[in-house]
Structure formats: C-alpha cells, structure tokens
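Nothing in this text is a laboratory measurement; each read-out follows from the coordinates by a stated rule. Computed from a predicted structure; not experimentally measured. Here the Cβ positions follow ideal geometry from the backbone for every residue, glycine too, while neighbour counts run over all protein chains shown.
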Amino acid sequence: MSSQKETKPKKRKNLLWIFFILIIAVSLAVFLIWAGPKPKRETVQNLPPLVEVIEAQQTSEHMTIHTYGTVRSGETLSITAEVRGKIVEMAPNFEDGGYFSKGAFLMRIDPRSYRNTSSSR
C-alpha cells in the first residue's frame with residue numbers, strides 16, 4: 001500500500017517537471033522569434049535575361065548520318081498472282097526495296113499455265 005502512495009507524488013512531480021520544461025521551451029522560442037533580426041526590404045531589380053537571343057532563319061541543309069544497321073521500309077507489299085504458274089521472266093530491277101511506277105512490268109507467268117487454268121474454269 002505504501003508503494004502506491006509513494007508513486008502518486010512521484011507522478012505528480014514528474015508531470016510538473018514536464019509542464020515546467022514545456023513552458024520554458026515555448027517561452028524561449030517566442031523570445032528568439034521576437035528578438036531575432038528583422039529582414040530588410042529590398043527592391044527587386046529587373047535584370048536582363050542571362051541568355052542570348054537570335055532570330056531563327058530558314059535554311060535548307062542536308063544532314064548526313066554515318067551509321068551501321070538495317071534499313072526497313074515503313075510499308076510492305078505482298079505480290080500474288082491470280083493463277084498459279086512458273087515465272088518465266090522478271091523485271092531486271094525487281095528487288096527488295098525497289099521502286100516501280102503504276103502499270104510497270106514486274107514478272108511474266110508461263111502463258112500455258114494461265115491458259116490451262118482459265119480453260120478449266
């Protein structure tokens with residue numbers, strides 16, 4: 001029983017110390033803010049920008065890039081014949097990535113295969 005009586009005054013004493021320390025800390029903070037140096041007001045100077053500005057001019061230049069790799073077309077085309085048959089003739093410039101105009105000759109299929117297929121229909 002006597003130990004419980006002793007702890008109550010100790011708790012009260014500890015709480016008073018905590019309260020006292022908090023009062024001192026808050027008072028010190030208020031004093032430091034009040035007594036601290038006041039900032040000086042200065043006018044802002046409009047300084048010129050730290051960049052160089054030039055007027056853009058349109059030019060026509062070719063850029064050359066030297067590199068290694070494989071170039072692939074953005075578009076691909078699959079060519080299929082309407083009839084089966086052996087290819088007997090091809091355009092001399094027929095190759096991957098080649099250019100052809102509309103209606104240009106690409107290849108010729110054996111005419112006998114075409115005649116056999118069209119006669120059986």
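Below are the figures for this structure:
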{"read-out": "Residue match in the range 28-35 (condition: small (Gly, Ala, Ser), loosely packed, with under 10 Cβ neighbours inside 10 Å and within 52 Å of the chain's Cα centre (by Cα))", "value": "yes"}
{"read-out": "Pick from the range 88-108, criterion exposed (fewer than 12 other Cβ atoms within 10 Å of the Cβ) and over 40 Å from the mean Cα position of the chain (by Cα), ranking: farthest from Arg72 (Cα to Cα)", "value": "Glu89"}
{"read-out": "Lone qualifier among Gly74, Gly85 - being in contact with a Lys or Arg (Cβ under 9 Å, 6 or more places away or on another chain) and either assigned to a loop (DSSP other than H, G, I, E, B) or in contact (Cβ under 8 Å) with a residue 40 or more places away in the chain (or both)", "value": "Gly85"}
